[in-house]
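The structure appears below as structure tokens.
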Amino acid sequence: MSGGAAGAGAGETVGSGPIVTGPIVTGLYVPGDRPERFDKAVATGAHLVILDLEDAVAEAQREFARESVATWLRAGEHGSTVIQVRVNAGEPRDLEVLAAVDARFEIRVPKVESLDDVEAVASVVSGHPITALFETARGIENAAVVAAHPAVTRLALGESDLASDLGTSAPEAMDYARVRVLFAARSAGLAAPMLSAYPRIRDLEGLRRDTERGRDLGWVGRNAVHPSQLAVIAGVFRPGADQLDWARDVLAAITAGGVTTLANGDMVDGAMLGRAEKIVTLARALERS
């Protein structure tokens, strides 16, 4: 059974509310030991907020971060914002604290290399969707197997850690990883993954170029490490007027039935439906961004 078939869908509940299944285009990381930033992160309008218990938190602050995240999750109502908690690989204390929280959130699991890595989390924090984060060559090569786990609802790529594992950050190596993870997600019925966070906060032009490269490979959305990056990410994925007009024309033509030709000369057939629907849905998701 694929992750897409078994994952939480529209109307299903985990914790205190429904899991959002619409397009997620913009994400924002927040250190788990900075609780004063949690509400501010939601207020940015990012579709996804990731409360980080891992790399962003010093070892001495880990317990404070766990308790801060748990307290906020219990108290908050976050509307349509998807909340994830990135845990530490192989750290039972993270899962122990989260298992006691009755609230709506997802789990982001780093350094996933096998089904065992996912099962170790799902068996403790049951009922919460899992994002499998691949950060090693082994993880990339096993992505399709991991994507089939019923608790996995999203895939992700940690490019900085992957570059360390590979010994290179060459675009060709990253493109290979992105394509492998994309195929793994789609073959399991999952949405196209979001791109890894771009670490150079002030390099907005570099962010734009790399995000366009990922978009052209089929990825949808990107996580940010600073709110200033969100507008750039949204701009890259926002469909242009010509794209949106084409999509609406296709949908109208297919609804009318029969065979027809658009004003640009394209013949309309059922194969275009999926692409057209995705363009319109993406535009709606970014209306307020």
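The values are calculated or read from the model by the stated rules, or taken from the named source; none is laboratory data. All values reported here derive from a predicted model rather than from experimental measurement. Don't worry about glycine lacking a Cβ; one is built from the backbone with ideal geometry, like all the others, and counts go over all protein chains shown.
A few comments on the model shown:
- Scanning segment 166-206 for residues that are polar (S, T, N, Q) and in contact (Cβ under 8 Å) with a residue 40 or more places away in the chain gives S187, S196.
- Hey, P150 buried (at least 19 other Cβ atoms within 10 Å of the Cβ), part of a loop (DSSP other than H, G, I, E, B) and in the same structural domain as G221 (by TED's automatic domain parsing) or not: no
- Residue list for segment 231-271, filter: of a type in the set (A, V, I, L, M), exposed (fewer than 13 other Cβ atoms within 10 Å of the Cβ) and modelled with pLDDT of 75 or more: A241
- Residue within segment 151-172 that is over 29 Å from T44 (Cα atoms), in contact with an Asp or Glu (Cβ under 8 Å, 6 or more places away or on another chain) and modelled with pLDDT under 95 present: yes
- Per the listing L166, L115, L155, the residue uniquely touching a helix residue (DSSP H, G or I) at 6+ places or on another chain (Cβ under 9 Å), within 17 Å of W219 (Cα to Cα) and surrounded by 16 or more Cβ atoms within 10 Å (Cβ to Cβ) is L155.
- Positions within segment 42-55 being aliphatic (A, V, I, L, M) and either under 15 Å from A70 (Cα atoms) or under 16 Å from the mean Cα position of the chain (by Cα) (or both), in sequence order: V42, A46, L48, V49, I50, L51, L53
- On inspection, R209 passes the criterion of being basic (K, R), out of contact with any Gly (no Cβ under 8 Å at 6 or more places or on another chain) and closer than 30 Å to V30 by Cβ.
- Residue list for segment 122-144, filter: charged (D, E, K, R) and not in a loop (DSSP other than H, G, I, E, B): R138, E141
- Of all the numbered requirements in (1) assigned by TED's automatic domain parsing to the domain that holds P31; (2) touching a helix residue (DSSP H, G or I) at 6+ places or on another chain (Cβ under 6 Å); (3) at negative phi, R213 misses one, and that requirement is (2).
- The condition (being in contact with a Gly (Cβ under 9 Å, 6 or more places away or on another chain), in a loop (DSSP other than H, G, I, E, B), among the aliphatic types (A, V, I, L, M) and touching a residue at least 60 places away in the same chain (Cβ under 8 Å)) is satisfied by just one residue among V112, V101: V101.
So that you can scan it fast, the table gives a plain yes or no per residue for (1) of a type in the set (G, A, S); (2) more than 21 Å from A163 (Cα to Cα); (3) assigned by TED's automatic domain parsing to the domain that holds A43:
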residue: R200; (1), (2), (3): no, no, yes
residue: R209; (1), (2), (3): no, no, yes
residue: G221; (1), (2), (3): yes, no, yes
residue: A231; (1), (2), (3): yes, yes, yes
residue: D245; (1), (2), (3): no, yes, no
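- Qualifying residue in segment 114-137 (condition: at pLDDT below 95, assigned by TED's automatic domain parsing to the domain that holds R222, of a type outside the set (V, I, T) and at positive phi): yes
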